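Okay, so here's the structure we're looking at.
Bear in mind that the values in this text are calculations on the coordinates, not laboratory data. Computed from a predicted model, the values in this text were never measured in an experiment. Using ideal geometry, Cβ is built from the backbone for each residue, glycine included, and neighbour counts are taken over all protein chains shown.
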Amino acid sequence: MKYIYILILALIFSCSNNKTNSNTEKNVSPNIDTLRYSYSGFNNGLRLDLLSDGRFINDNHLFSCFGGGERKRVFGKYKMDSINLTLFPDRIELIEYPENMELKPTKTQIKYGIDSLKIKTEYRIVNWETNNYLLSDFYDYGWSIDKENDFIRFADYVNNGFEPETSGMYLRNKSKDSIKSEFDINKIPEQWQKYFLKEPITAKIKSIKKIKDPNDSENFWWQIELDKGKNDRMTSRLTLATEDDMFYIDIDSVLTNRSFGVSYQFDFTPKEFPIGTELRTKWK
């Protein structure tokens, strides 16, 4: 799982569309301070600028490696205290880029209110030392087959040990300072705390099965059974790895007292990682 994230980050820089940078709006004013929250994904991203004069700019882009894409910019005002942020959108600027890069993009200005163009407007402000996150309880159905929101995704990254170095698809303002403390789940609203592990899950390999591809005799993978399940708070959203990080599995099914994952690592061998090998969601 960790290697997948590294690969995705590499693809972002190698396959990003240069239209993203060329169409970035100039700074509003050198006299107006801006607090920026953002996230970056594979040819998509979101940037929320909170201007010190009470205005905000929500800039969301999605591009294809082969040309074409769109940028949605929402403007309005906001209110913010130490815990909550509320956005009051007013208008939208929609820029659509054709696949043929020689053609000019089209720009549309509309008043905010169309359902398909609406944005998240209610956020909880969560601090982790010098890192700040904006998390919404709004469920995103368009990004995953699972029912998830910012709190659930943030919990995944904390549980798997990716945070605070690597973040997921949620807004953050991150400092370059290193984070030394454990995350305090009491900063999360009570209804979302159940998604956070109070302690890392430790499991051992219970069985290993080689599965051959029925359509390709040379292709195969390994089905790994672990000795922990739902009773141990195991979920299908977790990744477990060895201490040296040389072997890992993504959990795909969970039973009461056991769980399963699949490994496609070409260099995996039962001799090197035999039954009884210990894996954890996070090694302290």
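What to note about this one:
- Taking trypsin sites (Lys or Arg not before Pro) across segment 128-234, the ones in a DSSP loop with at most 15 further Cβ atoms lying within 10 angstrom of their Cβ are Lys147, Lys176, Lys180, Lys198.
- Rounded Å value of the spacing that divides the Cα centres of segment 201-220 and segment 115-138: 39 Å
- Whether segment 45-88 is rounded, prolate or oblate, judged on the alpha carbon gyration tensor where a/c under 1.5 counts as rounded: prolate
- Positive-end residue, the chain charge dipole about Cα centroid, Cβ charges, pick of Leu85, Ser253, His61: Leu85
- Measuring r between the beta carbons of Leu117 and Lys209 and using R0 = 41 Å, the FRET efficiency lands at 0.30.
- In loop segments of segment 102-153 as defined by DSSP, the GluC sites (Glu not before Pro) with at most 11 further C-beta atoms inside 10 Å of their C-beta are Glu102.
- Simple point charges give the picture: +1 on the Cβ of Lys and Arg, -1 on the Cβ of Asp and Glu, and for segment 202-280 a dipole about the Cα centre of about 480 debye.
- Alpha carbon centroid spacing (whole Å) that separates segment 261-284 from segment 154-169: 21 Å
- Computed [θ] at 222 nm, helices only, for the chain once each DSSP H run of length n ≥ 4 contributes -39500 (n - 2.57): -2500 deg cm²/dmol
- Dipole magnitude of the chain about its Cα centre (Cβ charges: Lys, Arg +1; Asp, Glu -1), debye to nearest 20: 480 debye
- Chain lengthening between Gln193 and Leu35 when straightened (0.36 nm per residue, less Cα-Cα): 54.1 nm
- Remark: the Asn100-Glu278 segment gains 58.9 nm on full extension, using 0.36 nm per residue and subtracting the alpha carbon distance.
- Straight-line cross-link reach from Lys180 at under 15 Å between alpha-carbon atoms covers these aspartates and glutamates, not counting any fewer than eight positions away in the same chain: Glu129, Glu163, Glu165.
- Highest-fluctuation residue, Asp81, Asp184, Asp59 considered, GNM on the chain with Cα pairs under 10 Å: Asp81
- Applying the criteria of a DSSP loop state and at most 12 other Cβ atoms within 10 Å to the GluC sites (Glu not before Pro) of segment 153-241 yields Glu165, Glu182.
- Between segment 49-63 and segment 71-86, the Cα center-to-center distance that results, in Å: 8 Å
- Listed residues Thr239, Thr86, Thr130, most fluctuating in the chain (Gaussian network, C-alpha, under 10 Å): Thr130
- Selected from Asp115, Asp250, Asp137 as most flexible by GNM, with the chain as the system and alpha-carbon contacts under 10 Å: Asp115
- In this structure, the pairs whose alpha-carbon distance is over 30 Å, taken from Lys206/Lys284; Lys147/Lys282; Lys72/Lys230; Lys120/Lys187; Lys212/Lys271; Lys77/Lys198, are Lys72/Lys230; Lys77/Lys198.
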